[in-house]
Structures are given as C-alpha cells and as structure tokens.
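Q: Take this structure, written in structure tokens, and hold onto it; I'll ask about it next.
No lab work stands behind these numbers, since they all come straight from the coordinates. These figures come from a predicted structure and were not determined experimentally. FYI the Cβ positions are ideal-geometry reconstructions off the backbone, even for glycines, and counts take in every protein chain you see.
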Ligand SMILES: C[S@@+](CC[C@H](N)C(=O)[O-])C[C@H]1O[C@@H](n2cnc3c(N)ncnc32)[C@H](O)[C@@H]1O
C-alpha cells in the first residue's frame, strides 16, 4: 500500500472515530497544554498539522487570543467539529493530506500533536523539509507526539506497516526520539531538543530554523 492509500485509510479511520474522539483524548489535554506553553512569547502566525477537532488549540488561544492559525487535516469530520469551536473565526481550515497540500509560508511556528506517528523515516524527511521551508527565519517547529521507546519497538511496528497493513484499520509507527532528532537535523533544523511530557510514550520535540 503506498503513502497516498495509507493516508486515505487514516482519513476513513478518523472520520469514523469522530463520536468518541474528544472523550478518548481528554487524558491528553495536559500534553497539549505543555505544547502551547512551549511556544515563543511573540508567536502570532501558526500552522497546526493534524489539528483534528482542535483540542490543542483550546489552551493555545487562551495564551495567544490574537493568533492566526492555519490547520491542515485529512479528516473532514474532525475538521467539522473544529469549525464549531468559538475560536474557529481565527482559524483557516484546509482539508487535505500533508503530502499533497500547500503549507503556505512565513509561519512563526508549526505545531502538531498526536498526528505524525504514521510515517516511515524517508516520508518524515520529506514532511520535515516542507515544515522547514514554510517557517520564517528563527521559526519554531514543536511536535508533541507518540514515540517508540526502543529501536526494536520501532522496527516491529515498521515491519507490520510493510507486511501486514491490510490487517489493520490504523497502525501507529512512531520513531524513537533519536531518529526523530536525526531527521530534523538532516533537513537543517538547529537547537533540536526533546523533553518528557506526562505520558511516558510521548515526547515534546522542539526544532528551530536558523536565521
Ligand atoms: C490523533 S488525531 C490528533 C488530533 C489533534 N491534533 C489532537 O491532538 O487531538 C490525528 C489527526 O491527524 C490527521 N491526519 C493523519 N494523517 C494525516 C495526513 N496524512 N494528512 C493530514 N492529516 C492527517 C487525522 O485526520 C487526525 O485528525
């Protein structure tokens, strides 16, 4: 199954999950709060990749009420929920695949939570290059996402992705923090760092575009 087909599978998965999504993800609110608190103080123009129903934007708009946020997400049902939130007037919504959509440019920050752990390292290289290119000089990428706790765990999930994808409705293939950091450095990010959040299989990774 190629990347396009896998992404359509994700789309169907999240479209079907919509009724229970916010309830299931309530336990991740602390993680999303940490992300919003990690932004630079002068942040104004933000791109959120895989914003879903917009849970991470609740706290973000409390801290940055005048922020202008663009979101890209492949699931129309998730975005429909986001569009009902009271901050949605400050949000430009793009329904599309990360790998097909135009990201725009000149963002102060690109953020993402729980949305990028489905790609192979070579696909992440392409995606992170797109993120690098759409940031302003000195802009920040913050990804708070699921990680593999060992190379073996990463290899096992990648094996399933390569060989058994048809047997899954949805498959998580997180990379280790070390592999994430290496890919970010390869595309040119500097000051790449990771920190723990309240979930043991999650990490908050920050990476900066230089001047
Ligand atoms: C687990 S949800 C996270 C939603 C939100 N960020 C949160 O933390 O609650 C993952 C989101 O990523 C979106 N997504 C997954 N793969 C995508 C892709 N290739 N292009 C665009 N959106 C994608 C899904 O539709 C879904 O809304």
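Q: The range 16-121: D in µm²/s via Stokes-Einstein (Kirkwood Rh, Cα pairs, 25 °C, 0.890 mPa s)?
A: 175
Q: A further question on this structure: If you take the Cα atoms of the chain, find Rg, then find the Kirkwood Rh from the mean of 1/r over all pairs, what is Rg/Rh?
A: Computed over Cα atoms, the ratio is 0.93.
Q: Need one number: nm distance between label points at residue 169 and residue 198, each 7 Å from Cα along Cα→Cβ, rounded to one decimal.
A: Spacing of the two 7 Å Cα→Cβ label points: 2.7 nm.
Q: Which of 200, 101 has the fewest other C-beta atoms within 10 Å, and how do the rest follow up to the most?
A: 200, 101
Q: Between residue 151 and residue 97, what is the label-to-label distance in nm when each label sits 7 Å out along the Cα-to-Cβ direction?
A: Roughly 3.1 nm, to one decimal.
Q: Over the range 3-208, what is the percentage of antiparallel beta bridges among all DSSP beta bridges, to the nearest 5?
A: Among the beta bridges of the range 3-208, antiparallel pairing accounts for roughly 40 percent.
Q: Need the full-extension length gain, residue 15 to residue 190, defined as separation in residues times 0.36 nm minus the C-alpha distance. One decimal, nm.
A: Extra length from residue 15 to residue 190 when fully extended: 59.4 nm.
Q: To continue, here is another question. Quick one: check the C-alpha center-to-center distance for the range 190-211 versus the range 80-151, whole angstrom.
A: Spelled out, the Cα-based centre of one part sits 14 Å from the other.
Q: How much length would be gained if the chain were fully extended between residue 89 and residue 182, taking 0.36 nm per residue of separation minus their Cα-Cα distance, in nm to one decimal?
A: 29.8 nm
Q: With the calculation restricted to Cα positions, what are the radius of gyration and Dmax of the range 74-134 in angstrom?
A: Gyration radius and largest Cα-Cα distance of the range 74-134: 12.9, 38 Å.
Q: Going 7 Å from the Cα of residue 80 toward and past its Cβ, which residues in the range 1-33 have a backbone nitrogen under 11 Å from where you end up?
A: Only 15-16, 18-19 fall inside the zone, counting backbone N under 11 Å.
Q: Please arrange 191, 48 by how many other C-beta atoms lie within 10 Å of their C-beta, fewest to most.
A: If I rank by nearby Cβ atoms, fewest first, I get 191, 48.
Q: Right, here's the next one. Counting other beta carbons within 10 Å of each residue's own, what order do 187, 192, 71 fall into, fewest first?
A: 192, 187, 71
Q: For the chain, what is the calculated [θ] at 222 nm in deg cm²/dmol (nearest 500), taking -39500 (n - 2.57) for each run of four or more DSSP H residues and dividing by its residue count?
A: -12500 deg cm²/dmol
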